Every structure is written in C-alpha cells, then in structure tokens.
Amino acid sequence: MSEHPVNDHIDNLLHERRVIAPPGDFVARARVSRGEYDQMYRRSLDDPDGFWSEVAGELAWMTPWERVLDWEEPHARWFVGGQTNVAYNALDRNVQAGRGDKRAIVWEGEDGEVRTLTYAELLREVSRAANALTALGVQKGDRVTLYLPLIPEAAVAMLACARIGAVHSVVFGGFSVSALADRITNAQSKVLITADAGQRRGSLVNLKANADEAARSAPSLEKMLVVCRADCGVPMQPGRDVWWHEALAAAGDEHEAAALDSEHPLFLLYTSGSTGQPKGVQHTTGGYMVGTYLTTRTVFDLREEDVYWCTADVGWVTGHSYSVYGPLLNGATVLMYEGAPNHPDWGRFWQLVEKHRVSILYTAPTAIRSFMRQGDAVPGRYDLSSLRLLGSVGEPINPEAWMWYWRVIGGGRCPVVDTWWQTETGAIMLTTLPGAHPSKPGSAGLPMFGVEPAIMTHAGEELGPDDGGLLVIKRPWPSMLRTIYGDDERYRKSYWSEIPHVYFAGDGARRDADGYVTVIGRVDDVLNVSGHRLGTMEIESALVAHPSVSEAAVVGRPDEVKGECVVAFVLPQSGQQVDPAALRAHVSREIGALARPDAIIVADALPKTRSGKIMRRFLRQIAAGQPVQGDTSTLEDPSVLDRLAATPTT
Ligand code: 6R9
C-alpha cells in the first residue's frame, strides 16, 4: 500500500460547515423517519437475525432459509439453506402484485427513439432470453459475458442469466478488446452477449468488431449472441454467432425461474485494484437481492408513482444495483438513456427529466461538475418540477457541486443523498435518508442498516471524531462480495488482512461527532477518474507494452471536472522517441478511453529509493505542479525531482 495523501482538491470539505435540513414534506411522509432510522439501525446491529429476516421475508423464497448468517471470517453465507431467484422477485412477483401493466423500463436512445417495456412484457422477454440461453447450452453456474450498449437488452440479458442461474459478467462497452478478452478468459465464459454496435455522440461504437477480435484471444468462448442495435451489417461467423432476435423468436415466452441457493453466484464484476490484474468481484443471490432491495426503497424513498433514473451504465456496479436490480425488485419505473450527457447539447439530461417526468435522479459528481460549468441557464430552460430527490455516487462530491445540484437542479426542494459504496459492497453503505437526516454537503453521512463502520489507523486502533484514518466495516453485511473469482487468497489479502478482523475498504475517511462519515478518497494505487476506478498498475503495464516505453509511473492529478485525471511519467526505450499522441491511442486501445493519460511527461529517470521503489508521492506533487515536499533523503538520486519538475508536459 502506498502513502496516498488526502486529496487536496477536496480539502475544502474539511472546512465545510453547512447543514441542510430535510424538506418538510419529506419529513411528513418519510418512508423512514429519524426515530425509525435510529430504532431500525439499532436493531440491525443488536438483532441482525430478526432485522434481516423481516426484510428478506418481504421477498419471495422457494425454500425458506434455516439460518440468517454463517460467518467464518472472511467468508459469509447469508440466508443459509434458502432458495430464491432474483429475476423471479424482480418480475414474476411484481406481475403477481398487479404491476403487469406498469412500465418497468422506459428507454430512450440518443436519437430520441423511445422503447417501453411493462413488467409483463419484460417478464416475457426475459423468459424468452432464458429459454434461448438454455437452448445455446448455457447451464446453471456457467459464466456469460455481456458487452452491450445501455439498451433494454442489457437488463434482459442480466435477468435472463439470473433466471437460469448463469453468472453474468458485464464488461463496460467502452472497454477495449484486450480488456474484454482478459475478462472473458478470467471468467472462462463460453458465451458472449454483444451487439452489432452502440451509439455515442452520433457515431457507432463497433462492439461486434471488438468482440470478434477479443474472441481470437479468448479460447473459452464458444458462442456469441448478437443484438441487432444499429443494423450496420456486421459479419456473423457461422456456427458461433447467433442473432439475439432470431434466438428469442425461436424460444417460448414462458419460463420457470430456477430455485437457486441463496449463496449461488449471481454475477462477477471486474474492478481495478492495486495490481495490474482486475479482480472479478463475486456477488451471490440472496444477500445481494435483499441489500439492493432495501437500500433502493429506503435511500430513494421509492413510491409507486416515481419515475426513477440512475444514469450509470450497466458496465459499472451502480448500473447493476441501481439501474437494474434494486429498482426492479421494488417494482419501480426505470428510465434508461443510451447516449452522452452532452449530445446534442448540455441540456440533454434536463430534457429527458422534463419529457419523462423523472422524479428521482441518481448521478455522479463528475457529471454534476460538468453541468455546473455550463452555467445555470441550460437547466433553467427545462421544467424540472417533477424531480423530488437527487442522489450522488462514485466519488467524493465537493460542497460547491453539492450546493449547485441542490439549488439549480433540485430547486432547493429536493433532498440530495450522497451515497458511499463500492463494487465490493454491492449496495449503498453510507448515506443520509431523505426524510430523516439533515445533509452536510460533502459528507456521505450515516451507516445504512446493518453496516458498522469505523475509522482506524493502520494498526487497527479506532479513531475518534474528526480524526482522519482508514474506513473499515466491522461486520459482514448481506450484499458484501463473497470472494474474488478464482482467487480467494486475493480476497483475503485485499479486504481482510490489511487490518485484522475488519473489512478494509481502501478509502480514507473521517467521522464527525454526529457520526457523519466524510470519505476523502482512495488510499491505494487506485485512481478515481470521473467516478470510475482505474488501477495505476494497469495503465503502467499498458504503457510499457508500447515499444517506445521502457518504464512508466502513473499518478492521479486533481481535476476540476473528472475529480482525478491520469498523469503518466514515461522513460523512452533507448534510441526511441516517445510520441504522446500514439501513446494515448495505445492506452485507449489496451484498456479503454477512460484510461487515456491527460498528461505525459517524458523523463530520463524516475524518483526511486535505493531499493528501487518508485516514490509516487513526489510524482503526485510534480504532476499537480506543487513544490516537492517531504523527505527526499531515501532517494537514490534526489536531483531527478528537479529535472522532472522542469520537464514540459505533453
Ligand atoms: C459505487 C461505486 C468505489 C470507490 C470507493 C470510493 C469512491 C464511491 C463515493 C465515493 C466518496 C461517495 N466513492 N462513492 N467516495 N463519496 N459517495 O462507485 O463503486 O466503482 O467500485 O468505486 O468510489 O473511493 O472506494 P466503485
């Protein structure tokens, strides 16, 4: 683990003192009032079995559980012996409850095309897809990789996997060929579900072409199901490729959801850690279902008539838990939008809110900051009066952006919930509840039910109010990850060994006297670029794979819009010239456009200790244009620092 300083750009958080009370109408009809929160939270810690039994009991189980929790550190089993099905709970259960004709998914494409699926229609589509997957030979426990644009078929494919007990692994459509191939191979997926192309800013994203190339280095792959999204005439490989619409047309629209063990894996989702190899975070059926169900309902104060929009792509965990599973489990109407927030202009989101009468909006600070830069007049042109609740996720939100979101988008009447959680936690862990708690801009807030956070030193000492330290969780919770796919040792090491007997989140944080937790940022070698996790090692390995580079070190630099951006220090291979444009293109190709360095510094040496360890702390200071501070005496050659600081950035 490295010495990551508290991010200076959010230093102003430390001085933030504003408190915004929950609006009166929210308090009056709160799903969870202040008193109820206190009582429920207490109970969730004192009587977890009783608490979680009640929540899980609101969902349908084919076989009831025998015990709520088996905990053998670091392995948890929740709702032990129970059998259920997440897709059944999201679809059949809601149809039976009279929501058959209610809109489940309202999708809009970048060009304004709208598609709507009711709960009954979604159930039929998912049933067809489940039958089609079964016909392709997919069995319970098999991994299926999804590489799709944000179209309804993405949700249909996820739910179809869940229905038959196949384990989905969604790879973000912006990821590269090699990122896709690595993830297919790590998961040993036999089936890939993709589309001919996606649409972004008016042009096509050629997913099928990428998939074809990835398939060449992913030997486990046997079949490809291809959604015809753009109708752009892609080649189909006979014997391997099958059109989604043909497979579904040939399949029946009735399907009995499989009764799955509560601990049956539901999905893998790859995320960056502090080594070069992304980790396949594994979630299971029962606990994840209960966690996303409860948090969606309480944190978003969900009501029958809401139109709920989480802007995250299904390629990220937020898209899993809060664009698909959580809201559908609650029978909500979900808006899905495929395009960019600024296409054709920066009013696109607000136009969607107005057109679809969105009442709950959940988005990321990086988006909020970009909107803020365009000025108040852009959202001012739209009728945003349907909004009643706003959410933020993905990275720390600076108080200025929080206040802008609250004032300009929410018109001062919508509570803002700042939700802290991770791919690993599966569901929201820290937040305020909109009818119960005042907000403190910049601070995520209080623990959700069953979550017992603490701020600790590396040595495991618990810190008191306002002391900065490491954020840990002191007991297991239902939606926690169960392991890293194929690497349980890494699971142990990454999360349960850094500090003994607690879950180590990898974030630095503080807690104030009221119990509000402010998350400062990562303390490991993970960057958060526009709310997306990127490992510095992943980018470094991509850089050194380029023939012109012999060595590379990547650090984050505070960025007004992205939160953090990528700065790469590279040493040229002897006799070679580094072409920054070519290097950027190379990183995009290797990982994805997200990882493209914003700045490249071509150096003749890196600041290393005598034992050869790169001192990133100094590189971060140089990248940020700050004077070098700290003890440089352990460096083999401290003069490297002056030379680096004087080197132009490209
Ligand atoms: C849900 C998600 C997780 C990391 C996490 C932290 C940062 C997320 C945050 C936040 C401050 C918030 N993070 N939400 N930091 N305040 N409300 O984003 O999952 O992609 O795995 O990222 O994001 O650093 O450790 P994931």
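None of the figures in this text is laboratory data; all of them are computed from the coordinates on show. Every value quoted in this text rests on a predicted model; they were computed, and no experiment measured them. Cβ atoms come from the backbone with ideal geometry, glycine included; neighbour counts cover every protein chain shown.
Between D512 and D49, what's the calculated FRET efficiency when r is the beta-carbon distance and R0 is 30 Å? Round to 0.05.
Calculated transfer efficiency: 0.45.
May I ask you to order 298-307, 106-115, 72-81, 628-637 by the average number of other C-beta atoms within 10 Å around their residues, highest value first?
Details: 298-307: 19.9, 106-115: 15.2, 72-81: 18.3, 628-637: 12.3.
Output ranking for 298-307, 106-115, 72-81, 628-637: 298-307, 72-81, 106-115, 628-637.
Sort 405-416, 315-326 by packing, meaning the average of other beta carbons within 10 Å per residue, with the highest value first. All intermediate terms of the calculation are to be shown ahead of the outcome.
Working: 405-416: 18.4, 315-326: 26.2.
Order by mean packing, descending: 315-326, 405-416.
Express in whole angstrom the spacing between the alpha-carbon centres of the stretch 549-571 and the stretch 375-420.
Rounded to whole Å, the Cα centres lie 30 Å apart.
Order these by the 10 Å Cβ neighbour count, fewest first: C232, C565.
Numbers: C232 13, C565 19.
By the 10 Å Cβ count, ascending, the order reads C232, C565.
Give the relative contact order (percent, whole number) for the chain; include only Cα pairs under 8 Å separated by 6+ residues. If you can, show how the numbers build up before the last one.
On the way: 1459 pairs, mean separation 93.5, N = 650.
Answer for the chain is 14 percent.
Among the listed pairs K102/K440; K223/K474; K208/K279; K140/K208, give every one whose C-alpha distance is greater than 31 Å.
K102/K440; K223/K474
Can you tell me the mean projection area, over all orientations, of the convex hull of the stretch 156-201's alpha carbons? Units nm², please. If you can, show how the numbers build up before the last one.
Working: hull surface 15.3 nm².
Convex hull of Cα atoms, orientation-averaged projection: 3.8 nm².
For F267, F51, what ranking results if the residue with the fewest other Cβ atoms within 10 Å of its Cβ goes first? Could you put the intermediate results ahead of the total?
Details: F267 27, F51 20.
Taking fewest neighbouring Cβ atoms as first place, the list is F51, F267.
For a quick check: with amide H placed at 1.01 Å from N, whose amide H comes under 5 Å from V602's, ignoring anything fewer than 5 positions away on the same chain?
Excluding prolines and chain starts, which carry no amide H, the hits are V570, T650.
Can you give the calculated 222 nm mean residue ellipticity of the chain, where each DSSP H run of n ≥ 4 adds -39,500 (n - 2.57) and the sum is split over every residue, rounded to the nearest 500 deg cm²/dmol?
On the way: 19 runs with 177 residues, N = 650.
Result for the chain: -8000 deg cm²/dmol, rounded to the nearest 500.
Peptides 84-94, 495-505: what's the order by average Cβ count within 10 Å, highest mean first?
Details: 84-94: 26.1, 495-505: 18.6.
Highest-to-lowest ranking by the protection proxy: 84-94, 495-505.
Considering only C-alpha atoms, what is the centroid distance from the stretch 463-491 to the stretch 143-188, in Å?
26
What shape does the chain take by its C-alpha gyration tensor, where a ≥ b ≥ c are the square roots of the eigenvalues and a/c under 1.5 counts as rounded, a/b above b/c as prolate, and the rest as oblate?
Working: a/c = 1.43, a/b = 1.17, b/c = 1.22.
Because its axes are fairly even, with a/c under 1.5, the chain counts as rounded.
Any idea what log10 I(q)/I(0) is at q = 0.13 Å⁻¹ for the stretch 549-633, Debye with uniform C-alpha scatterers and no solvent?
Debye intensities relative to I(0), on a log10 scale: -0.45.
Please list the non-local residues whose amide H lies under 5 Å from the amide H of I520, H modeled 1.01 Å from N, same-chain partners needing a gap of 5 or more.
G508, A509, R510
Got a sec to turn the phi values of the stretch 583-589 into Karplus ³J(HN,Hα) couplings, 6.51 cos²θ - 1.76 cosθ + 1.60 with θ = phi - 60°, whole Hz, x for Gly and Pro?
5, 4, 4, 5, 5, 4, 5
Work out from phi, with θ = phi - 60° and the Karplus expression 6.51 cos²θ - 1.76 cosθ + 1.60, the ³J(HN,Hα) of each residue of the stretch 532-540, listed in order in whole Hz, and give x for Gly and Pro.
In residue order, the calculated couplings are 10, 7, 9, x, 4, 5, 4, 5, 4 Hz.
Could you give me the ³J(HN,Hα) list for the stretch 363-377, computed from phi with Karplus coefficients 6.51, -1.76, 1.60 and θ = phi - 60°, whole Hz, x at Gly and Pro?
Each residue of the stretch 363-377 in turn: 9, 10, x, 4, 5, 4, 5, 5, 5, 4, 5, 7, x, 6, 5 Hz.
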